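As structure tokens, the structure follows; a few thoughts come after it.
Read-outs throughout are calculated quantities, based only on the coordinates presented, and are distinct from any laboratory measurement. Here the structure is a predicted model, which means the values were calculated and not measured. Note that we place each Cβ from the backbone using ideal geometry, even for glycine, and neighbour counts take in every protein chain shown.
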Amino acid sequence: MDDSTREQIEAAVFRWLVSHLRERTGAQNIDMMIAAGFCRNCLGDWFREAAAERGVTLNKEDARAEIYGMPQDEWKRRYQKEVTPEQQAAFTIASGSEAAGRKK
């Protein structure tokens, strides 16, 4: 597979992932962080960093809106639930055992 084709496939997969997360509003960021070590916020931050590497300046809010499909504050009002003590404990354990949210 040539580099151009790989890049096109990777871009399509990213768009699918973002669309998938927009449709699954019940998937809470805290649960994603516990299970996978990243969440919608991380994707938005990575989007902003990748843009900056290509000379495009985005602020954090605009980059995260690209992932959420709306301003993050609006998404939080509509869909975010309070973090339970159990989720917080699980997050503490998970983030202590790996660098949660870091790209590599």
Next item on the list: Do me a favour and compute the ellipsoid semi-axes for the range 3-97 from its Cα gyration tensor, root of five times each eigenvalue, largest one first, whole Å.
Entry: 25, 16, 14
Note to self: What do you get for the angle between helix 40-53 and the principal long axis of the chain? Use alpha-carbon atoms, 0 to 90 degrees, nearest ten.
What the structure shows: 30 degrees
Checklist line | Between the range 58-95 and the range 1-57, the alpha-carbon center distance in angstrom | finding: 14 Å
Check: Once the Cα atoms of helix 85-97 and of the chain are each reduced to a long axis, what angle between those two axes, in degrees from 0 to 90 to the nearest 10, is obtained?
Finding: 50 degrees
Check: Based solely on its DSSP helices, what 222 nm [θ] is calculated for the chain when runs of n ≥ 4 H residues each add -39,500 (n - 2.57) and the sum is averaged over all residues, nearest 500 deg cm²/dmol?
Finding: -22000 deg cm²/dmol
Next item on the list: Obtain the nm distance between the two label points defined at ILE9 and GLN80 by a simple spin-label model: each point lies 7 Å from its Cα along the Cα-to-C-beta direction.
Entry: 3.6 nm
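I need to check one value: relative contact order of the range 3-97, counting alpha carbon pairs closer than 8 Å and at least 6 residues apart, in percent. Intermediate results must be reported in sequence, preceding the final value.
Working: 66 pairs, mean separation 28.0, N = 95.
With pairs under 8 Å counted, the relative contact order is 29 percent.
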Margin query: Between ASN29, ASN41, ASN59, where does the largest GNM mean-square fluctuation fall for the chain, given springs only between Cα atoms within less than 10 Å?
Written below: ASN59
Check: Between ARG54 and MET1, what length in nm is gained on full extension when 0.36 nm per residue of separation is reduced by their alpha carbon distance?
Finding: 16.7 nm
